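S.K.: The following block contains the structure, expressed as structure tokens.
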């Protein structure tokens, strides 16, 4: 049985759905969690608009977008709060809008915590091979890096692909071989390594890195092989998923995101793409189960025979909590 040290994942990860008003609004997360945002990722569901990603290290007033290669800009947030966030009265349709009147949004929020396996690291690049310290006290299996100052791809390390490869979060490209991005060096429980690379370690430019280590019953960063069937591949995570993002390693396919707030029952059919600014794409995709997820579609982007896909997943509830109580199916 899969036990966990995190019985209540909502303490560390929350999802907020809301409709923009064109004015400043405080958004409070469900329950008495006191989840102050570490990483806040907001995306319009009903209209094409780039996402807005802010964090507690750069500050709530700085934003970057997962589909955009440019540097950071002034966000449309008024604050990070002790149990949520507040949007500003600037509800325009422009880049990274977070509260345009009548538009629907989803906000994914992670608390920065070594307990939950999430750390945010800021660093000024020096263009040389460098070991950068982190505070996870565990080996990160996923690292997402972005240059804050200049036009540059988002660079993603996923442990299933090894230390000599990377993805770009902002596009559909297949995984690429690159000895310099991570200097062919696997992260440790105290440092990760960046090479002589213009994307992960540009000289004299401000960088931000998001590091994730797996926690049993709360998060997992793995891979699966598709089977091109509506009776699709089952992926065991050890928890009922709250959030899932996947990417095909070989094809020119988008990064697909799903969550349990946009779809509260199976089949999960509402997807957003981290790699573009599109509104929701509605297409039957998968079931969220008490112990993982199962595909219900024959799709090159999600479940093609013989294709490999990487994923990052976070829990709604552990399959079995620390007291031995199993999760319910949806």
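Rule-based calculations on the coordinates, nothing more; no lab input. Just so you know, these numbers come straight off a predicted model, no measurement behind them. Counting neighbours? That spans all protein chains shown, and the Cβs are built from the backbone with ideal geometry, glycine included.
S.K.: Applying the selection to the range 222-242, what residues are surrounded by 21 or more Cβ atoms within 10 Å (Cβ to Cβ) and either under 15 Å from the mean Cα position of the chain (by Cα) or outside any strand (DSSP E or B) (or both)?
M.R.: The answer is 232, 237, 238, 241, 242.
For every residue, the table says whether it meets (1) on the phi < 0 side of the Ramachandran plot; (2) touching a residue at least 24 places away in the same chain (Cβ under 8 Å); (3) more than 19 Å from the chain's Cα centre (by Cα).
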| site | (1), (2), (3) |
| --- | --- |
| 71 | yes, yes, no |
| 76 | yes, yes, yes |
| 81 | yes, yes, yes |
| 88 | yes, yes, yes |
| 104 | yes, yes, yes |
| 111 | yes, yes, no |
| 137 | no, yes, yes |
| 145 | yes, yes, no |
| 154 | yes, yes, no |
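S.K.: Can you tell me which residue in the range 264-284 is nearest to residue 232 (Cα to Cα), limited to those that are buried (at least 19 other Cβ atoms within 10 Å of the Cβ) and in contact with a strand residue (DSSP E or B) (Cβ under 7 Å, 6 or more places away or on another chain)?
M.R.: Filtering first and then ranking leaves 268.
S.K.: Next question, about the same structure. Just wondering, is there one or more residues in the range 247-261 that are farther than 29 Å from residue 68 by Cα and either part of a strand (DSSP E or B) or touching a residue at least 40 places away in the same chain (Cβ under 8 Å) (or both)?
M.R.: Looking through the range 247-261, none of the residues is farther than 29 Å from residue 68 by Cα and either part of a strand (DSSP E or B) or touching a residue at least 40 places away in the same chain (Cβ under 8 Å) (or both).
S.K.: Looking at residue 204 and the list (1) assigned to a loop (DSSP other than H, G, I, E, B); (2) surrounded by 19 or more Cβ atoms within 10 Å (Cβ to Cβ); (3) in contact with a strand residue (DSSP E or B) (Cβ under 8 Å, 6 or more places away or on another chain), which single condition is not satisfied?
M.R.: Unmet for residue 204, out of (1) assigned to a loop (DSSP other than H, G, I, E, B); (2) surrounded by 19 or more Cβ atoms within 10 Å (Cβ to Cβ); (3) in contact with a strand residue (DSSP E or B) (Cβ under 8 Å, 6 or more places away or on another chain): (2).
S.K.: Please indicate, with yes or no, whether at least one residue in the range 297-312 is touching a residue at least 12 places away in the same chain (Cβ under 8 Å), assigned to a strand (DSSP E or B) and more than 23 Å from residue 142 (Cα to Cα).
M.R.: Yes: one or more hits.
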